[in-house]
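Encoded as structure tokens, the structure appears first; notes follow it.
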Amino acid sequence: MREITPKRIREMKGREKITMVTAYDYPSALLADKAGIDIVFVGDSLGMVVYGEPNTLNVSMEQMVFHTRAVARAVRRALVLADMPFGSYEVSVEEGVKNAMRLIQAGADAVKIEGGADHEELVRKLVRMGIPVMGHTGLTPQRYLRIGGYRIMGETEEEIEEILRDAKALERAGAFAVVLEFTLADVAKLITEEVSIPTIGIGSGPWVDGQVLVWHDLLGIYENSPPFAKRYAGLGEAILKALQSYNSEVKAGVFPGREHYWEFLDKKDFREKAQKALERLGEK
């Protein structure tokens, strides 16, 4: 069992801020775990940042299982959390249970489900089975068609009520935490105060129990990122410069340099061996 567990995450509420970051492959997860991140999250955002999709709706269970397995192999300390992709749990509780089990068997310590009150029965069933669940409300990307795109949530009484209802339903069903995405900070603060489980914000202000960011956003892989994401590095520019330098050096014959290859020290020995090899090939 890894050091950071769902129980440990629950106990951090009000005591210590929770850090969570997405990772989709072995080297990324290895670095996130080494950095001391609490939750390494295999998010369905991989559809957009890894596969170039316009949204997360086309991510499959096969993709999630594949990436979860790679991440789980790397992580020793952090909690490994895997997203339930669109279509993997909406049809029935039974379908949701089956797919959640696949992610746990791939190495995840817990699963995340978008929505709250609509899936209270599924969350309760999974928790009873021993599968920890994190919920997700506010902006739910899998429902962006219904809510009118990727927009800030919590501006109306109805939206505040819906977000609060979802969070309380998740708490009641046994979820160990809930993500609040792109929600007005005042609303996120209200939710944080109203539920006993930790709230993890993304674009939802400072008055939550933790924060999550997408790997490519915080490292500056792409030129554009969401308005709520902070770029902690400019790796996109650094990687581009490195690739351009490699391309130029190969074209100019600069790489590989003498320190990058090996050759026979005894040239006579090489010529004799090469000649024999050529003769044998000529006999066949």
ask   = Around residue 24, which amide H atoms from residues at least 5 apart in sequence, or from another chain, sit under 5 Å from its own amide H, with H modelled in the peptide plane?
value = 29
request  = Mind listing the long-range amide H neighbours of residue 255? Cut-off is under 5 Å, sequence gap 5 or more, other chains count too, H placed in the peptide plane at 1.01 Å from N.
outcome  = 250
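Using 0.36 nm per residue of separation minus the Cα-Cα distance, give me the extension gain between residue 242 and residue 194 in nm, one decimal.
Using 0.36 nm per residue and subtracting the Cα-Cα distance, I get 12.4 nm.
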key: Qualifying GluC sites (Glu not before Pro) in the stretch 117-226, DSSP loop, other Cβ atoms within 10 Å at most 15   = 155, 223
ask   = Within the accessible area of the chain, what % is carbon and sulfur when the probe is 1.4 Å and the other protein chains stay in place?
value = 56
inquiry  = Just to check I understand the Karplus step: with θ = phi - 60° and J = 6.51 cos²θ - 1.76 cosθ + 1.60, what whole-Hz values come out for the stretch 272-280, glycine and proline as x?
reply    = 5, 5, 5, 5, 5, 5, 5, 5, 5
task = Relative to the longest principal axis of the C-alpha atoms of the chain, give the angle of the C-alpha long axis of helix 235-252, reported between 0 and 90° and rounded to the nearest 10°.
result = 10
ask   = In terms of modelled amide H atoms, which long-range or inter-chain residues lie less than 5 Å from the amide H of residue 18?
value = 210, 211
ask   = In the stretch 1-60, which GluC sites (Glu not before Pro) fall in coil by DSSP and have 15 or fewer other Cβ atoms within 10 Å?
value = 3, 16
request  = Quick one: compute the contact order of the chain, relative version, from alpha carbon pairs under 8 angstrom and 6+ residues apart, as a percent.
outcome  = 15
query = What percent do you get for the relative contact order of the stretch 1-70 when only Cα pairs under 8 Å and 6+ apart count?
reply = 27
task = Could you order 156, 199 so the one with the most accessible surface comes first? Probe is 1.4 Å.
result = 156, 199
³J(HN,Hα) computed for each position of the stretch 153-162 - Karplus, 6.51 cos²θ - 1.76 cosθ + 1.60, integer Hz, glycine/proline x = 10, x, 7, 10, 4, 5, 5, 4, 5, 5
remark   = Result for the stretch 1-102: accessible area per residue, probe 1.4 angstrom, in square angstrom, of 46
ask   = Do any trypsin sites (Lys or Arg not before Pro) in the stretch 55-139 lie in a loop, going by DSSP, with at most 15 other beta-carbon atoms within 10 Å of their beta carbon, and if so which?
value = 76, 77
key: Per-residue HN-Hα couplings for the stretch 37-53 [Karplus 6.51, -1.76, 1.60; θ = phi - 60°; Hz; x = Gly/Pro]   = 4, 6, 10, 9, 10, 8, x, 6, 4, 4, x, 8, 8, 9, 9, x, 6
ask   = Heavy-atom accessible area per residue, the stretch 117-261, 1.4 Å probe: how many Å²?
value = 53
Residue among 218, 245, 50 farthest towards the positive dipole end of the chain, charges placed on Cβ = 245
query = Just one of (1) 72, 50, 35; (2) 52, 45, 37; (3) 85, 37, 37 is Cα extents along the principal axes in Å calculated from these coordinates, so which is it?
reply = (3)
query = What range in the chain is the longest one free of chymotrypsin sites (Phe, Trp or Tyr not before Pro) that are in a loop by DSSP and have at most 14 other Cβ atoms within 10 angstrom?
reply = 52-149
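The values are calculated or read from the model by the stated rules, or taken from the named source; none is laboratory data. Please read these numbers as outputs of a predicted model, since none were measured by experiment. Positions of Cβ are generated from backbone atoms using ideal geometry, with glycine treated the same way; all protein chains shown enter the neighbour counts. For the accessible areas, the whole protein counts, side chains as well, though only heavy atoms, and no ligand, DNA or RNA atoms are used. Shrake-Rupley method; radii C 1.70, N 1.55, O 1.52, S 1.80 Å.
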